[in-house]
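Quick notes on the structure that follows.
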Amino acid sequence: MKKKMTPLIFILIFIYMTTAFFALGVVTRIVTAVIYTGEVYLSLSGVIKVVKMSVVAGILSAVGCLIFNKIDEYNTRKKPPVDPDK
């Protein structure tokens, strides 16, 4: 049984993916700063850039999940169920 994507699930996917991409972006900026300068450096403008990129990536991944869910719904309506015993 497949779950339909409700607006709540869409919002939760967006929040989860945005948070994950934000954490990844901050860690990447810190590691890059340590490698090149030898010290931990994270500016406010850098964090704002990471927030912007994370929101865009979160929106795109949530929309991608929505599109694939709609494709699955269409395919399950189109094809008759298969008998697993045969």
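The values are calculated or read from the model by the stated rules, or taken from the named source; none is laboratory data. These numbers come from a predicted model, not from an experiment. We place every Cβ from the backbone using ideal geometry, glycine too, and count neighbours over all the protein chains shown. When the accessible area is computed, the model is the full protein with side chains, heavy atoms only, and any ligands, DNA or RNA have been set aside. Shrake-Rupley method; radii C 1.70, N 1.55, O 1.52, S 1.80 Å.
Taking the conditions exactly as written (aromatic (Phe, Trp, Tyr), under 23 Å from the mean Cα position of the chain (by Cα) and open to solvent by 70 Å² or more (accessible area, probe 1.4 Å)), does residue 14 satisfy them or not? No, not satisfied. Annotation: of all residues in region 50-83 being under 18 Å from residue 5 (Cβ atoms) and of a type in the set (Ser, Thr, Tyr), the one that is surrounded by the most Cβ atoms within 10 Å (Cβ to Cβ) is 61. Note on region 22-49: residues that are in contact with a helix residue (DSSP H, G or I) (Cβ under 9 Å, 6 or more places away or on another chain), open to solvent by less than 80 Å² (accessible area, probe 1.4 Å) and in a helix (DSSP H, G or I) amount to 8. Looking across region 1-18, the residues that are of a type outside the set (A, V, I, L, M), assigned to a helix (DSSP H, G or I) and either free of Cβ contacts under 8 Å to residues at least 12 places away in the same chain or within 28 Å of residue 75 (Cβ to Cβ) (or both) come down to 7, 10, 14, 16.
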